[in-house]
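Below you'll find the structure, written out as structure tokens, and then a few comments.
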Amino acid sequence: MFLALREMRHSKARYSLIMVIMLLVSFLVLFVTGLARGLAYANISALENMPANYFVVQSDADHTFRRSQLGESELAAARAVAGEAKATPLGVQTSTITAADADVKADITFFAIDMAGMLAPEVTEGAGITNEVQGSAVVDSKLEESGVTIGSTISDQATGMSWTVSGFVKDSSYSHTPVVYINQLDWQAMKQGAVQGGSSDSTDSTDSTDSTGNAPYNVIALKVSSAQASEIAAQQQSVEVITQKQAISSVPGYAAEQNSLLMMIAFLFVIAAVVLAVFFYVITIQKTSQFGILKAMGTKMSYLAWSVVGQVLILSVASLALSLLLTFGMNMGLPDTMPFQLDGQTMILTSLLFIGMSLLGSLISVARVAKVDALEAIGRTGA
Amino acid sequence: MSAKLIMKQVTKTYGDGDGAMTVLNNLDFTVNEGEFVAVLGPSGSGKSTFLSAAGALLTPTSGEIFIDGESLRDKDKGALTELRLQKIGFMFQSAQLLPFLKVEEQLLYVAKLAKLTTKEAKVRATCLLKRLEIWERRNQYPEQLSGGEKQRVAIARAWMNKPAILFADEPTASLDYSRGREVVRMIADEVRSEGKAAVMVTHDDRMLEWCDRVLHLEDGVLVQA
Ligand SMILES: Nc1ncnc2c1ncn2[C@@H]1O[C@H](COP(=O)(O)OP(=O)(O)OP(=O)(O)O)[C@@H](O)[C@H]1O
Ligand SMILES: [Mg+2]
């Protein structure tokens, strides 16, 4: 490090320039990563926050919740393995709602769940709903921003059914739309209404679950071990058990959105490595005669390699530290509507990857230094 | 008296086949302790080649070289690097100082490579810099020094690790006559006060006043002037 540090001290301008570029690139990497995470969260937070780790879906549904249709027999089979409390049905339906008292029209997703089960939403404002009382809903707080309040009546445009908003939950989005939680009774009513082709009085459908014959649920959420998950999958031909991750990436639009951001991040990493590699390579070529002298004087190659790598390490760690500070500052200044999320784990991973790529970029310089012959020092004019 | 450098039947041929050129041809040479030898020769006669071979930078085509009693023949790259560090001091044409190290650090770096203690290194560097009259300039970068001052730093650097022998490749090439003579005198002084040996290659025959022996490189062999 003797050489590495003194060289940086002597050529402050040159090394600051590299550092500024690295700073900008690493900042961009962190920022886009945070944005990607934030977007992902804004997209599917309802799924991500679900205390379920596996989902049973119909095997020909392509992992997509809405395409999947399951009935009581599948639920019973899943419950036989997982236990009563660890397997719970979920109905998913996208729709458009209007609120009578506020001038609101919004795309939402209905989640029909067992309000006594593990998927019951954690109400942050107002009151929850029960399995027995129809006509109440708990909605995502994003609807609150558009003017819906507790006590508002929201109506489903497709079926004409309406609910009174009894409470709000935080961070519950599905495919970028706020989630409206309803109980199974309302869900059945809604399904029947849809079958009958319009709005009808459906309060008498309490015993309909099996008699209608159509599949009452979309998927079954599980909280089980992987062994139990494969057991459930093996039992039934027509179903498939997917992980929460798989379920998330099958949410419509999610994969496309994340893949393009991921692509950008990957490119940024490559750019970081290439920029650094080129800069250091040029500097190294300029210093060829110096390396010749150093070798003639008896400097070991390992020492020189460490010197080059050390400089890259110092530069990348320093610029990364600065850009982390910058990212935090930026995050605080960002408006709430801009989704940005950077958890510790992602940050550490991104940082390590960045440093790794920088070191990779420095390797061609090291290779170049290794090729310099100590003989260069003799019989040459130069600095 | 012990020999610091022995070259036995050293041959160096560049290229092969028809284009082969023999630069050193069964050359024999010995330098003893306390000796300062000058090697003269016109440009292209093979002076740099001779010095590179003697200084363990270039492996000769045939022949054997001993430095301070150690044969170079069976040493690998790493061992040669270590030997250069411990036994050989180099002075290159036009000082070749490291531009990013201050004068004193040029010496301390060599000491660091040789794993001298910080205190030892400081004492030795101070002593050398004072003897070569550049102590006042110890905190300056090479770019702030004159050509003669740079060569004096180079001398100090070359002697820093108490090498058995010093090799100087045209140390006066980039200096005017009087500065050049001054530098050669200082090399001679150091050879005497350190009790070591030095070989200087030059094409300038006005610089030979302080040399113990003067040899000519002709047709690949060294002959007495
Ligand atoms: N790597 C090499 N490959 C082929 N030929 C070489 C190589 N190095 C030197 N030569 C040739 O060997 C001869 C001696 O070169 P050398 O550099 O030793 O001469 P020199 O006496 O130091 O010359 P100068 O006084 O100009 O520095 C020259 O003819 C040169 O062209
Ligand atoms: Mg030469």
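The values are calculated or read from the model by the stated rules, or taken from the named source; none is laboratory data. Source: prediction; values computed, not measured. As a convention, Cβ positions derive from the backbone with ideal geometry for all residues, glycine included, and neighbour counts pool all protein chains shown. Just so you know, the surface numbers come from the protein's heavy atoms only, side chains and all, with ligands and any DNA or RNA stripped out. Shrake-Rupley method; radii C 1.70, N 1.55, O 1.52, S 1.80 Å.
Summary table below
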item: Residues located in region B:37-74, provided they are charged (D, E, K, R), touching a residue at least 12 places away in the same chain (Cβ under 8 Å) and away from ligand 1 (no atom under 16 Å from the Cβ); result: B:64, B:68, B:70
item: In region B:155-181, the residues that are within 16 Å of ligand 1 (Cβ to nearest atom) and at pLDDT 90 or above; result: B:167, B:168
item: All positions within region B:169-181 that are more than 16 Å from ligand 2 (Cβ to nearest atom) and open to solvent by 70 Å² or more (accessible area, probe 1.4 Å); result: B:176, B:177, B:178, B:179
item: Any hit, region A:224-240, residues being modelled with pLDDT of 90 or more and in a loop (DSSP other than H, G, I, E, B); result: yes
item: Breaking point among (1) part of a helix (DSSP H, G or I); (2) more than 14 Å from chain B (Cβ to nearest Cβ); (3) farther than 21 Å from residue A:9 by Cβ, for residue A:314; result: (3)
item: Residue selected from region B:14-36 under the condition away from ligand 1 (no atom under 16 Å from the Cβ) and crowded, with 19+ Cβ neighbours inside 10 Å, by the criterion farthest from the other protein chains (Cβ to nearest Cβ); result: B:35
item: Check on residue A:361, more than 14 Å from every other protein chain (Cβ to nearest Cβ), surrounded by fewer than 16 Cβ atoms within 10 Å (Cβ to Cβ) and in a helix (DSSP H, G or I); result: no
item: Contacts under 7 angstrom Cβ, first residue in region A:1-28 being within 11 Å of chain B (Cβ to nearest Cβ), partner buried (at least 18 other Cβ atoms within 10 Å of the Cβ) and polar (S, T, N, Q), 6 or more apart; result: A:3/A:307; A:4/A:307; A:4/A:311; A:8/A:311
item: Listing of helices (runs of 4 or more DSSP H) fully contained in region A:1-92 that carry 1 or more residues being under 25 Å from residue A:336 (Cα atoms), open to solvent by 10 Å² or more (accessible area, probe 1.4 Å) and at pLDDT 90 or above; result: A:12-48
item: Considering residues of region B:65-96 that are more than 8 Å from chain A (Cβ to nearest Cβ) and in a strand (DSSP E or B) only, the residue nearest to residue B:109 (Cα to Cα); result: B:89
item: Test set (1) of a type in the set (Phe, Trp, Tyr); (2) within 16 Å of ligand 2 (Cβ to nearest atom); (3) part of a strand (DSSP E or B) - residue B:50 fails condition number; result: (3)
item: Residues satisfying the stated conditions in region A:93-120, i.e. open to solvent by less than 30 Å² (accessible area, probe 1.4 Å) and assigned to a loop (DSSP other than H, G, I, E, B); result: A:102, A:115, A:117, A:119
